[in-house]
Amino acid sequence: MRTRERFKDKTFPNKDTSMHENTIHLRKQFLFIALILVAASLLPARSSAQSGQARIAGSVTDINGALVQGASVVARNERTGEEHTAITDESGRYLIAALRPADYSVTASSLHLGVQASHIQLLVGQEVNLPLTLHPVGIDAKVDVVAGTDVLVDTSSAAMGANVNPREVEGLPINGRQLSQLYLQAPGSVNSGSGTFGDIRFSGRAVEQNAIRYDGIEGTAIIDSSPGNLNGEIPTPFRLQSSLENIQEFRVDSNNYPAEYGTGTGGQINVLTKSGGKDFHGSVFEYFRNDKLDAANFFDNIIGQKSKLRLNQFGGSIGGPIKKDKAFFFFSFEGYRLRGGINSIEAVPGLASRICAAPLGTGSIACNPATAALIPAFRAPGAVTLRTGPDLFDTVQLQANNIVDENTAALRLDYRFNQKHSAYFRFFRDQGSNLQPDGVTGRQISIRQVPQNGVFALQSILTPTLLNEFKLGYNAAYSRIIGVAPTVNGIDLSNLSFNISGSVAGFALPGQGSNAGVATPGGLIRANSAQNGRGQPYTPYSLSYIDNLNWTRGNHSFKLGGELRQIHLYTDRQGGITYTFASINNFLANAVQTVQYLGDLSAPSPFFNNSTGPAQARQSYYIGYAQDEWKIKPNLTLNYGMRYEYYTPLREANNRQILFDIVTGQLRDSSQVPLKTSKTNFGPRVALSWSPNPTGTGFFGGGNTVLRGGFGIYYGPGQTEDQIQPIESNRISSTLSNVTFPQDPAVIAAAFLANPNNRQYQPRAYAPEYTIPEKVYQYSVSVQQMLPGKMILTAAYVGSEGRNLFLRSVANRILPGQTVIADGTTLPSSFGVINRTNGAGQVIAVNTVREFSIVSGTSSVQNPFAEIDDKTSGGHDTYRALQMSLARRFSTGLTLNSQYTFSRSFGNTSGSNEARTAANNARALSEFDYDNGYNNFDVRHTFNLSALYDLPFGSGRKHDLGSVGNAILGNWEIGTILNGRSGLPLEIGIVRPDVVIQCARTGGCIVPTGAAGAITTFANGFVAQLPGTINAANPLPPGFIAVVNTPSGGASRNVRRPDLVPGVNPYLSNDRLILNPAAFTTPAPGTFGNVPRNFLRGPGFKQFDLVLNKRIKFSESTNLEFRTEIFNVLNHTNFDIPGSRLNLALPAVTQAGGLYTVSTSNVVQPGQAYTQAAAGGTFGLLRQTVVRDVGLGTSRQIQFALRLNF
């Protein structure tokens, strides 16, 4: 029976207490909302820039230069007719706040004096400094500001950022029309991939610390900060979470933003959506491309077959009045259809006929029939062999089709009750499905995602200086992902995964460690950094209650606001079995390193009275801020404030969560909080901006120069997926060793339930000191200078210090040291490896002992728990950068934005989900400094430039060519985007098993290796792999004992760093092989490698895109656009990072009839340099481009578009 009543009554005897706690929690939440609403009714207010608002400020003088007090200044929204009024103070200054970004006209009047300014374009969060001079009534006194070109110098804060105006949103060449590529306009932005949401970071911070808002409402994937992310691990190819057709403009702040921004320490992206106006406007469009016009992908040329590409993006929008000057609407729709070929190149085991000995083949390896039957699963029938041998691997390439279908729609309704009160409702919904190939095995990943975002906003102007805005927001990110695998030799692979390169979790992700480049067959997909599964369905949503307040008084603009965000998340974790082999030799011998079995989260719980159903996670954010922008003088502004953020721990609504104590090895009471969360997250912010000579003339005079500096403390909760692990551990999870393929899942599950002392349960856990949120100190000093041609140059020194950053390691570690005892002797409990010997002194059994093992008698070592993936906090990093930007923003003529960043990011972690497992299995905080090095996305040089230019031909322009000439050459616009960066860091890894065998005899080990008494002597210290079978009939070779190889173990994460060979250049220039394996060697048993973290670099990135746009005008408001967009004009090949993981190259040992065979092909001893064959054919090999179908990094592609605007 699966009813909720039974679920509650029989599973949780403390339900009354839990319900009481929930009641108290709800009361606190409603009290928080009530306080916000009370404050909204009592305090003067304006909506903040957090909601995308802008403002106009300045002084009013008469024609003699005297300041005018009491003048009326009215700003009118040219789209909606909405008006806002201010009165100048005793110093003649005015401030009109809470203006929606749009085009405005401003009228000022006093007695018989007046003036009107028009074409004032306000951008998101922008303050326009607009001085007005009154003239006698009757004199034509008009000012054409033309897109705010006089207000580009920012005197309001020290934030580093960029506004992306409507012209840029509509006109720049964006491959796939994805909003995130425009993030690169901001100084400090870095693109590590194809320009998707998960690829772009700001000023050294993790992507999980970015915060994106649509009309002030958070727009993340909830489980992950990046829209479109599926399960905190896997990005999607979907691009229309917010269609460009919905976006009016947006602003990106990358560093040192004021107190109104937060819930993340990275970039702050504030998107303003389009609304209807007093006139009907709209568009109909289609963008299309076909591979017939494209250049072949670099890897298409290898097999001589161009990948297919068919892309269509189509849709339209319409907006206008419903009731004159009262009600307006805007609606848009966009569809996306992609059929794109994808190349995959991976190493696979050679065919059994080549590498296996008789009777399976003509090779020399004694292959186990069970695993030999799996060899065909590593390559799809259509895969092309690029390299055969000479080692046990082949390199193959598969070209397969990626299918993406996506539809998005948006609706916005605006209503003005009167001049003081207005409201709007906006909702958009995106729905995407994708069937994508994954590697060369023929496996596919089926994805479905439905993000939704909505807001209801009520704005009330109480007086010209008082305004209040309340918002109710909704954000949801439904997602489903499942692996699809073929059946091979009668083996159903849908519930299985096979990794023969030593790692448990599936394919590598950017920033998640080195890539082996070896195929992984099976239907399981990566669930997190430690597990795989059939799928991870998520149904999350958040509700936000927001109120923003403002009081403008004299030279002060006081802001305060608050948000209560409630997160609800429903999820299942669908498991399977992952077989991990330390090497291909072990795979062929069916010597499994580990077998990880995971049940389903929704299946009967072994911990909570067989309760069933998906988990229900809950979390709340409590946010408040207050700040003041004080114009001490017209040329001196102080912006200071305080922000407070509190994040409750993510927990299961019914306390169905597993809390493993990594110190005691016990399960804690599930009703306790899973982790600590600080309540002292006060973030002061202060910034000062000064224009040294505002009334002077010349290059530095007239306000053309501004000096800015600022400091702030910022907090961010990091990735939600990193907090869900106690919840996802509520299932059968067992990791076995010393077993073979295949294993019966029913037998594993039954053993888990029947043998709690030896079930090798593997929950995921937190250290007792783990505390959120992360904390970052940011500071900057900058100068802005107006240049000729209305260019604005900004140069800044930007820095940050990350503290309490996210860290990860392993618990239940193998104990240090090894010992040798006679078989039948009581087992000691203080050694990690126990060798039990027969009368001849040969080892006939090896026991491995962990921290929480139960050791008893002469042979029993039971393990209630396996190795545990654990997380903590306390990491640190430092970011330093020179950031420069050059911008010119016009609605016509030339619009240009460029930014260059020279930076360094260094520490023991980059925080959030970009933290890797400590390479030395650290426990104490100081031990994590072994990983001090360049952070995962430390990019030394980044350059981005975008430009749009109206050619000066046509009627009313510089060159009027007549009716025929204007028809052909008139109304052309040209645009470009240039992207470039230096290489991403490379983590050099090496596969290292927990335990190896080593010759322990001083004079060497004499081992029988052939008939007629043939022997081989192995030197003292000679190291080999631990055989899969050790018993009385199969002892270790004479003189060999088992020893701890990797201190503390780490088999579930067994990729560690190697040693560096002194004096050898780690780079190669050998076609696509760029890493030199001879620069690396295996560390000695019991030691860690000395290669620094991320000390090498992969290939750089550069791309030049171009757009040509012809407008054919039918009327003043109606035109037809014909666009030609060329992406990667120069067809520069942008390679992804190469495989950088060294194979396990220790010799394997087998025994038959008392004779031992020790492999000699492609093996190296600790201290010996790797060869390419020993390292693996894909080590250091550039084997794929950054992206293969759509986005930054493709081969040259040509796209055409038709767009009717009316």
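Below, the figures for the structure above:
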item	result
Members of the range 723-760 found to be hydrophobic (A, V, I, L, M, F, W, C) and either touching a residue at least 60 places away in the same chain (Cβ under 8 Å) or assigned by TED's automatic domain parsing to the domain that holds VAL846 (or both), listed by number	ILE724, ILE727, ILE732, LEU736, VAL739, PHE741, ILE748, ALA749, PHE752, LEU753
Subset of the range 578-604 [part of a loop (DSSP other than H, G, I, E, B), buried (at least 20 other Cβ atoms within 10 Å of the Cβ) and more than 30 Å from the chain's Cα centre (by Cα)]	SER583, ALA589, ASN590, ALA591, VAL592, GLN593
Selection count, the range 349-389, where residues are among the aliphatic types (A, V, I, L, M), assigned to a strand (DSSP E or B) and more than 41 Å from the chain's Cα centre (by Cα)	1
Some residue of the range 605-613 being under 28 Å from the mean Cα position of the chain (by Cα) and at pLDDT 95 or above	no
Residue ranges of strands (runs of 3 or more DSSP E) in the range 209-311 with at least 1 members under 30 Å from GLN121 (Cβ atoms) and of a type in the set (Lys, Arg)	211-214, 247-255
Residue, nearest to the chain's Cα centre (by Cα), within the range 323-343, restricted to residues that are in a strand (DSSP E or B) and exposed (fewer than 15 other Cβ atoms within 10 Å of the Cβ)	ALA327
Failed condition for GLY228, given (1) without any contact (Cβ under 8 Å) to a residue 60 or more places away in the chain; (2) out of contact with any Gly (no Cβ under 7 Å at 6 or more places or on another chain)	(1)
Top-ranked residue of the range 620-655 - restricted to ones that are outside any loop (DSSP other than H, G, I, E, B) and touching a helix residue (DSSP H, G or I) at 6+ places or on another chain (Cβ under 8 Å), ranked as surrounded by the most Cβ atoms within 10 Å (Cβ to Cβ)	ARG651
Failed criterion for THR220 (all others in (1) crowded, with 24+ Cβ neighbours inside 10 Å; (2) touching a strand residue (DSSP E or B) at 6+ places or on another chain (Cβ under 6 Å) hold)	(2)
Residues located in the range 446-469, provided they are surrounded by fewer than 21 Cβ atoms within 10 Å (Cβ to Cβ) and either among the aliphatic types (A, V, I, L, M) or under 24 Å from GLY219 (Cβ atoms) (or both)	ARG448, VAL450, GLN452, GLY454, PHE456, LEU458, LEU462, LEU466
Subset of the range 1061-1080 (residues that are assigned to a strand (DSSP E or B), within 20 Å of GLN1168 (Cα to Cα) and either touching a helix residue (DSSP H, G or I) at 6+ places or on another chain (Cβ under 8 Å) or not hydroxyl-bearing (Ser, Thr, Tyr) (or both))	LEU1068, LEU1075, PHE1080
Spans of strands (runs of 3 or more DSSP E) in the range 1139-1206 with at least 3 residues over 30 Å from ILE200 (Cβ atoms)	1149-1152, 1155-1158
Answer residue from the range 1159-1182, given it is of a type outside the set (S, T, N, Q) and surrounded by fewer than 18 Cβ atoms within 10 Å (Cβ to Cβ) and is farthest from PHE393 (Cα to Cα) among those	GLY1167
Among residues of the range 947-974, those that are more than 29 Å from the chain's Cα centre (by Cα) and not in a helix (DSSP H, G or I), counted	19
Scan of the range 999-1028 for residues that are polar (S, T, N, Q), over 18 Å from GLY841 (Cβ atoms) and in a strand (DSSP E or B), ordered by number	THR1016, GLN1025
Strands (runs of 3 or more DSSP E) (entirely within the range 732-808) containing at least 3 residues that are over 22 Å from the mean Cα position of the chain (by Cα) and over 30 Å from TRP690 (Cα atoms)	733-736
Identity of the residue in the range 952-972, touching a Lys or Arg at 6+ places or on another chain (Cβ under 8 Å) and free of Cβ contacts under 8 Å to residues at least 24 places away in the same chain, that ends up surrounded by the most Cβ atoms within 10 Å (Cβ to Cβ)	GLY970
Where ILE87 falls short, out of the listed (1) more than 15 Å from PRO634 (Cβ to Cβ); (2) among the aliphatic types (A, V, I, L, M); (3) without any contact (Cβ under 8 Å) to a residue 40 or more places away in the chain	(3)
All positions within the range 279-298 that are touching a Ser or Thr at 6+ places or on another chain (Cβ under 6 Å) and not small (Gly, Ala, Ser)	ASN297, PHE298
Conditions (1) touching a Leu at 6+ places or on another chain (Cβ under 6 Å); (2) buried (at least 24 other Cβ atoms within 10 Å of the Cβ); number of the one not met by TYR183	(1)
Qualifying positions in the range 1086-1108 - more than 16 Å from LEU978 (Cβ to Cβ), under 28 Å from the mean Cα position of the chain (by Cα), buried (at least 16 other Cβ atoms within 10 Å of the Cβ) and among the hydrophobic types (A, V, I, L, M, F, W, C)	VAL1091, LEU1096
The listed residue being among the β-branched types (Val, Ile, Thr) and closer than 20 Å to ARG205 by Cα, out of VAL810, VAL781, VAL820	VAL781
Any pair with Cβ under 7 angstrom, 6 or more apart, that starts in the range 557-576 at a residue that is part of a strand (DSSP E or B) and ends at one that is of a type in the set (Phe, Trp, Tyr) and buried (at least 24 other Cβ atoms within 10 Å of the Cβ)	LEU560/TYR625; GLY561/TYR625; LEU569/TYR538; THR571/TYR538
Residues being crowded, with 18+ Cβ neighbours inside 10 Å and in a loop (DSSP other than H, G, I, E, B) - total across the range 90-105	4
Those residues of the range 989-1028 which are of a type in the set (Val, Ile, Thr) and either touching a Pro at 6+ places or on another chain (Cβ under 6 Å) or touching a residue at least 40 places away in the same chain (Cβ under 8 Å) (or both), in sequence order	ILE990, VAL991, VAL995, VAL996, ILE997, VAL1007, THR1009, ILE1015, THR1016, VAL1023
Answer residue from the range 825-874, given it is touching a helix residue (DSSP H, G or I) at 6+ places or on another chain (Cβ under 7 Å) and assigned to a strand (DSSP E or B) and is nearest to LEU1026 (Cα to Cα) among those	GLN862
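The values are calculated or read from the model by the stated rules, or taken from the named source; none is laboratory data. Quick caveat: nothing in here was measured; it's all calculated off a predicted structure. Every residue, glycine as well, gets a Cβ built from its backbone with ideal geometry; the counts of neighbours run over all protein chains shown.
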